[in-house]
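For reference, the structure is listed below as structure tokens.
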Number of protein chains: 2
Amino acid sequence: MPAAKDPRPCSIADTLALVGEKYSLLVLREVCLGNGRFDQLVRNIGAPRDVLATRLKRLVDVGVLEKTAYSEKPLRHEYRPTPAGLDLEPVLVTLKEWGDRHLNPESPPMVLEHVCGHELVPRVVCSECGDEIRHDDLTAHPQTPGWTVAGPAVA
Amino acid sequence: MPAAKDPRPCSIADTLALVGEKYSLLVLREVCLGNGRFDQLVRNIGAPRDVLATRLKRLVDVGVLEKTAYSEKPLRHEYRPTPAGLDLEPVLVTLKEWGDRHLNPESPPMVLEHVCGHELVPRVVCSECGDEIRHDDLTAHPQTPGWTVAGPAVA
DNA sequence: TCGCCTAGTTTGTTTTTCCAACTCACTCGG
DNA sequence: CCGAGTGAGTTGGAAAAACAAACTAGGCGA
């Protein structure tokens, strides 16, 4: 039997196990902005250099970043997002949106311009009906025997 | 003058400062699922009890959770999401989507059913044009003097 | 009264973080 | 050729968190 103390199987937990450590998502932010060099990351994120080195190794290992040479001759590297890393941009964008709304309501520290010409205000919608998702519109169905949920809800 | 070592001002960083610590988003997941009692949280998340107690205090302080009595007479409490907490569901949903795609591609550990009758597959779109956001469709404009970005990008 | 439940708190140990300083390979100016 | 500078990290030691297990405290129910 599965030891009674295992946590709930969950893709959110699985994802956070890869990119949920302190600074990891900020690394991804900078790398998506095009600032993939070690010293840029140190400055722009404000993380200790050793921690950053550890995070970068991990992010490369799990496949969201890759390390590429931008110069031979002094051999120098930079980090870039892989396709899987770019797939995390929606997470960054939704985190940004929440912070813009709840923490910096007067003026966002960064504006994203969408190719359509407008300032990006992201919405998370159901791909089937296109409606914006709302808590009460969701019902959760755990797929693992032994696990239930209490109310209607997300996650 | 602002000490030259401050990190980039950023709503993503601000948001993660509130809910980015280990277990915080998992607490929110459980609470959104309706499992707001302390011992449920311990079991479903697998966090040490003292850490969980610390996180819960913090999440209440920053206003994403509230502690309410579900019974007088044995006085007992449970945690519930505030409106600001529910606003974080898009973050949970996008994290889940990434994990379902990249880590559990054969079968998600949890299925969310949308009120429209379909299994929820969330998309992050531009509220203006409705197009799904793609990295190359974004241009970042920092609003703080002294900060730039390198390439076109997100965050 | 004994034992059990919920909701934590305490204690002592193991990991991480953090910071500053240091390394190493290479280039450039004089 | 020498010394300074840059990029990309390592290293060492102190401080802070995380961890696991045991313990507390109020109320119940039998």
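The values are calculated or read from the model by the stated rules, or taken from the named source; none is laboratory data. Everything numeric in this text was worked out from a predicted model, so none of it was measured. Heads up, the Cβs are rebuilt from the backbone with ideal geometry, glycines too, and the neighbour counts pull from every protein chain shown. Surface areas here come from the heavy atoms of the whole protein model, side chains and all, with no ligands, DNA or RNA. Shrake-Rupley method; radii C 1.70, N 1.55, O 1.52, S 1.80 Å.
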Legend entry - Using a 7 Å Cα-to-Cβ projection, A:VAL111 label spacings across copies, nm, ascending: 4.4
Inset, instruction - Along Cα-to-Cβ, 7 Å out, sits the label point; list in nm, shortest first, how far the one on A:ASP136 is from those in the other copies. - result: 4.2
Legend entry - Percent breakdown of C-alpha pair distances by 10 Å bin, ordered from the shortest bin, for the protein assembly as shown: 6, 26, 35, 23, 8, 2, 0, 0
Inset, instruction - Note every residue of region A:7-25 with a reduction of at least 50 square angstrom in accessible area, all protein chains present versus the isolated chain, computed with a 1.4 Å probe, or write none. - result: A:ARG8, A:SER11, A:ILE12, A:THR15, A:LEU16
Legend entry - Qualifying lysines (Cα of each under 27 Å from Cα of A:LYS22; at least 8 residues distant if same chain): A:LYS5, A:LYS57, A:LYS67, A:LYS96, B:LYS5, B:LYS22, B:LYS57, B:LYS67, B:LYS96
Legend entry - Modelled FRET efficiency - R0 51 Å, A:ALA84 with B:ASP50, Cβ distances, 0.05 increments: 0.90
Legend entry - Sparse-neighbour loop sites [GluC sites (Glu not before Pro); region A:97-150; at most 10 other C-beta within 10 Å; DSSP]: A:GLU106
Inset, instruction - With a/c under 1.5 counting as rounded, go ahead and sort chain B into rounded, prolate or oblate using the C-alpha gyration tensor (a ≥ b ≥ c being the square roots of the eigenvalues; past the cut-off, prolate if a/b is larger than b/c, else oblate). - result: oblate
Inset, instruction - Distance between Cα centroids, region A:116-135 to region A:40-104: provide it in whole Å. - result: 25
Inset, instruction - State to the nearest 20 debye the size of the charge dipole of region A:11-108 about its Cα centre, where the only charges are +1 on K and R beta carbons and -1 on D and E beta carbons. - result: 380
Inset, instruction - Distances from A:ARG49 to the same position in the other copies: list them in nm, one decimal, shortest first, using label points 7 Å from Cα along Cα→Cβ. - result: 4.4
Inset, instruction - Return the value, in Å² to the nearest 100, of accessible area buried between chains A and B (probe 1.4 Å, both sides summed). - result: 7500
Inset, instruction - Hey, can you find the accessible area per residue of region B:11-109 for me, probe 1.4 Å, expressed in square angstrom? - result: 44
Inset, instruction - Calculate what fraction, in whole %, of the accessible area of the protein assembly as shown sits on carbon and sulfur atoms when a 1.4 Å probe is rolled over the protein chains. - result: 50
Inset, instruction - Report the longest stretch of chain B that contains none of the trypsin sites (Lys or Arg not before Pro) sitting in a DSSP loop with at most 15 other Cβ atoms within 10 Å. - result: B:23-133
